[in-house]
Amino acid sequence: MTAFGYSRWAALATALANTAPGQRHPDLLGTPGDLAALLRAHDEPEPVDADEADLRDALAARDAFNAVFDAAPDETALADRLNAMLASNARPRLVAHAGVPLHLHVDAPDSNWGGWLAASGSMGLALLVAEHGAEALGRCGAQDCRDALLRTGSGPTRRFCCATCASRVRVAAHRARQGRRGSPAAE
Ligand SMILES: [Zn+2]
């Protein structure tokens with residue numbers, strides 16, 4: 001089961017940022033149904049229903065998250081952009097639902113899914129940066145991808161968003177070296 005709490009919020013903010021159209025895929029957030037599917041894919045409990053207002057506000061949050069990832073690892077710019085998102089969206093409070101122990105909600109009580117994504121995602125990213133530094137937020141090193149990524153592990157600094165991008169760049173570098181030697185037959 002995926003961990004609940006701020007690491008899930010940060011992962012969801014990153015996935016939301018990466019629905020923006022890029023060189024390798026079209027816009028992946030075109031309908032309220034796409035938004036509901038994204039939330040369900042990140043273990044958001046039912047009921048997950050999204051409408052046009054949710055979608056509009058989620059797209060605004062997506063732009064803001066991409067600006068945050070673009071700012072990293074510049075600490076001042078990163079903090080300014082995350083602080084602006086927190087100031088306009090976050091209202092942390094303890095909540096008890098029937099049968100559920102006290103837990104933290106970060107969004108304002110009347111927010112829609114877009115407001116919830118902006119609030120929880122900016123809090124999740126801010127807590128990751130506070131724990132791991134500004135380098136926790138980055139972009140894929142593949143120039144034809146540049147998707148947002150999180151670096152929270154202890155190992156070597158993560159350069160690529162996924163194994164596909166890592167191997168594509170490795171193969172291209174290998175071909176470039178072969179080409180310089182003028183011996184493509186050696187592959
Ligand atoms: Zn990538």
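The values are calculated or read from the model by the stated rules, or taken from the named source; none is laboratory data. Since the structure is predicted, the reported quantities are computational estimates derived from the model, not experimental observations. All Cβ positions, glycine included, derive from the backbone under ideal geometry; neighbour counts span all protein chains shown.
Among the residues of region 52-95, count how many are among the charged types (D, E, K, R) and surrounded by 15 or more Cβ atoms within 10 Å (Cβ to Cβ). It would help to see each step written out before you state the result.
Within region 52-95, the subset among the charged types (D, E, K, R) is 52, 54, 56-57, 62-63, 70, 74-75, 80-81, 91, 93.
Cutting the leftovers down to surrounded by 15 or more Cβ atoms within 10 Å (Cβ to Cβ) gives us 54, 57, 62, 70, 81.
Here the count works out to 5.
Checking the conditions here, which among ARG168, ARG159, ARG139, ARG175 is surrounded by fewer than 16 Cβ atoms within 10 Å (Cβ to Cβ), more than 24 Å from ALA36 (Cα to Cα) and near the ligand (Cβ under 10 Å from one of its atoms)?
Numbers: ARG168 fails: surrounded by fewer than 16 Cβ atoms within 10 Å (Cβ to Cβ); ARG139 fails: surrounded by fewer than 16 Cβ atoms within 10 Å (Cβ to Cβ); ARG175 fails: near the ligand (Cβ under 10 Å from one of its atoms).
It is ARG159.
Taking the conditions exactly as written (under 15 Å from the mean Cα position of the chain (by Cα) and either at pLDDT 95 or above or within 16 Å of the ligand (Cβ to nearest atom) (or both)), does GLY115 satisfy them or not? The answer is no for GLY115. Filter the helices (runs of 4 or more DSSP H) completely within region 12-103 down to those with at least 2 residues that are among the acidic types (Asp, Glu), touching a Cys at 6+ places or on another chain (Cβ under 6 Å) and modelled with pLDDT under 95. Where helices (runs of 4 or more DSSP H) fall fully within region 12-103, none carries at least 2 residues being among the acidic types (Asp, Glu), touching a Cys at 6+ places or on another chain (Cβ under 6 Å) and modelled with pLDDT under 95.
So which residues in region 9-22 are more than 15 Å from GLU131 (Cβ to Cβ) and out of contact with any Lys or Arg (no Cβ under 8 Å at 6 or more places or on another chain)? Once the filter is applied, which keeps residues that are more than 15 Å from GLU131 (Cβ to Cβ) and out of contact with any Lys or Arg (no Cβ under 8 Å at 6 or more places or on another chain), region 9-22 yields LEU12, ALA13, THR14, ALA15, ASN18, PRO21.
May I ask you to verify whether ASP107 is crowded, with 18+ Cβ neighbours inside 10 Å and within 16 Å of the ligand (Cβ to nearest atom)?
Taking the combined requirement at face value, the residue does not satisfy it.
Within region 25-37, residues that are touching a residue at least 40 places away in the same chain (Cβ under 8 Å) sit with their Cβ atoms under 7 Å from residues that are part of a loop (DSSP other than H, G, I, E, B), at 6+ positions apart or across chains, in these pairs: LEU35/LEU29; LEU35/ALA50.
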